[in-house]
Amino acid sequence: QPTIRVLGAFTNGGNSLGLSTDTQNHYELQNYTSLVHGNHYVKFGGRLRALTESNYTNANFNGTFTFPSFAAYQAQTPSQFAITAGKPLTNISEVDAGLYAEDDWKIRPNVTLSYGLRFETQNDIHDHGDFAPRASLAWGIGGGKKTVPKTVLRAGYGIFYDRFVSELVLQAEQLNGLNQQQYIVTNPTFYPQIPAVSSLPSASPTIYQIASNLRAPSIMQGAVSVERQLTKSSTLAVTYLNSLGEHQLFIRNSNAPFTPSGPRPNGTLDNIYQYDSEGIFRQNQLITNFRWNMGPKLSLFGFYTLSYANSDVHGAGSNPGFLSSQYNPMTDYGPASFDVRHRLFLLGTIAMPYGVRLSPFVIVQSGQPYDITEGEDVNGDSIFNDRPYFVSATTCSSRTVQGADVCTPLATFNTAHTAGQPIPINSERGQGQVAVNLRLSKTIGIGKKTERSSGSGGGGGGRGDFPGGGKGGPPGGGLGGRGLSASGSNPFAGGGTNRQYNLTFSVSARNILNHVNLASPVGNVDSPFAGTSTALASGPFNTSSANRRIDLQVLFSF
């Protein structure tokens, strides 16, 4: 059965994922060397990685009908039909390498200068050489020969590269028009029947490819921080972080028509979905973090981040998004999808009687940007991400239509682009999020005594328990997630025993107060749910299937 997709409403019918089998082999060789010479601590080394992947998939071999609205679905008038055919099996290989050298030069007992250079390269893309210099300075202010400085000033700058990941290489190889062929039919008249691929009327062959001049995405990051020891057991740090992203990835239809019904660059109906690296982002962050360590009994850690970020790239990680205007990326320049203005994290660990440890974790953040779109492919590029025109701030409690004007709980929009002003990207924001998480654990030591605690009892929980870094995420050290300074230690470390083996029992409650954290509202003005949230927020606030979740865990470490 074909997949039925009604934009902004639901997806039904057959499963477009089909059957998928993937086999990967990863090979990695590393060598790191460090040596001390006078006031210099020199580190150098390299890493060589290789991947072979064999992927079998018949995704979308059943076909997908896309309807622009619920009304169109009721009238059985889809605006697009897409189907894939060809060989299900694709094989790829990817190799990348990196070399680095770094020197920590202790100019004075309270001044350290760090500088280094990294070189990276990979196959599968045109860019075969990326040089990444880095430099930072740490200055301990005050103190003396026998006292540690209570104030530390840090500053640094570096260039960091991201690799073009194998998932994108696989897609470009899979849907290259030879291994597999994808066909798109605009305004199909054969619903719900599916003709043979060879007899599809007015089908546009669609392929994926990597731009010949694609470069590895880079981030130029500079930071300044001041850290002050307030008391014997507490510190406070303030960091300013500036990030400039260049050669960020997006997808464009490089053979889209110049006008909705006009000619295309190569004179054919082909859709050429091309990975390009012409995107940019700008981000400024002010980060304040504190640490209060009262020995093994009580430890608290937290930070607040104020962030402003703009970009013309609006994908997520290794899944770059499509441009809305195929020949003008700056049309999509605006608040980045990761532009969360305020973030607050509070973490702690409390030692209780009988070796029980209590670990609270509180997350609060403001709303995330989301885009206003319409369900039609207005510009003829075969991609459903066109934005309507803004007509007025007039709102209505339920969606109503008057000609090309659509009144929604957000505002009134023109979907024919005949009146008003174009809506900027990510013009709306969802609601804020709050989650109070709690973990209770007990570690039992087994076996002979060791010299020191293994520290296993305070960890645990899986990688999904706490949010990671990434753009706009919590910093990995004093100068941000790219590691321009010494990274902060884990506030939950410790809690193990001085025995050879440790058995930890724990109960973890996510969103223990059961606060309802909603995902961003539906931004499609043609949807009956426009301006309404229809799902729970993901990430550290909720799971996709539950608002509150309690996990029981047993961890054995040795």
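Could you rank the peptides 157-163, 198-204, 523-529, 100-106 by their average count of other C-beta atoms within 10 Å per residue, with the highest value first? Can you show the working numbers first?
On the way: 157-163: 19.0, 198-204: 13.6, 523-529: 23.0, 100-106: 15.7.
Listed from highest to lowest mean packing, they are 523-529, 157-163, 100-106, 198-204.
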*With contacts defined as alpha carbon pairs under 8 Å and 6 or more residues apart, what's the relative contact order of segment 261-345 in percent?*
27
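In a shell of Cβ-Cβ distance under 13 Å around G129, excluding G129 itself, what net charge do Lys and Arg (+1) and Asp and Glu (-1) give?
-2
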*Under 14 Å from the Cβ of Q181, count the other residues' Cβ atoms, weight Lys and Arg +1, Asp and Glu -1, and hand me the total.*
-1
*Give, as a single signed number, the net charge of other residues whose beta carbon lies under 11 Å from the beta carbon of E53, with Lys and Arg counted +1 and Asp and Glu -1.*
-4
*Say each of T543 and Y32 gets a label point 7 Å from the Cα, pointing the same way as Cα to Cβ; how far apart are those two points in nm?*
3.4
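Give me the percent relative contact order of segment 350-415, please, defined on Cα pairs under 8 angstrom at least 6 residues apart. Provide the component values of the computation, followed by the final result.
On the way: 89 pairs, mean separation 13.6, N = 66.
Computed over segment 350-415, the figure is 21 percent.
Report the percentage of all Cα-Cα pairs in segment 309-447 whose separation exceeds 26 Å, rounded to a whole percent. It would help to have the intermediate numbers written out before the result.
Numbers: 4452 of 9591 pairs.
Across segment 309-447, Cα pairs with separations above 26 Å total 46 percent.
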*Convert each backbone phi in segment 9-25 into a coupling constant with the Karplus relation 6.51 cos²θ - 1.76 cosθ + 1.60 (shift: θ = phi - 60°), then list the ³J(HN,Hα) values in order as whole Hz, x for Gly and Pro.*
10, 6, 10, 9, x, x, 8, 6, 5, x, 9, 9, 10, 10, 10, 10, 10
*Rounded accessible area per residue of the chain, 1.4 Å, Å²*: 50
_Relative packing of 28-39, 505-516, 62-73, which averages over residues the other C-beta atoms within 10 Å, highest first_ = 62-73, 505-516, 28-39
*Could you grab the relative contact order for the chain? Cα pairs under 8 Å, six or more apart, rounded to a whole percent.*
10
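The values are calculated or read from the model by the stated rules, or taken from the named source; none is laboratory data. Being a predicted model, the structure only gives us computed values, none of them experimental. Cβ: placed from backbone, ideal geometry, glycine included. Neighbour counts: every protein chain shown. Areas reflect the complete protein model, heavy atoms only, side chains present, ligands, DNA and RNA absent. Shrake-Rupley method; radii C 1.70, N 1.55, O 1.52, S 1.80 Å.
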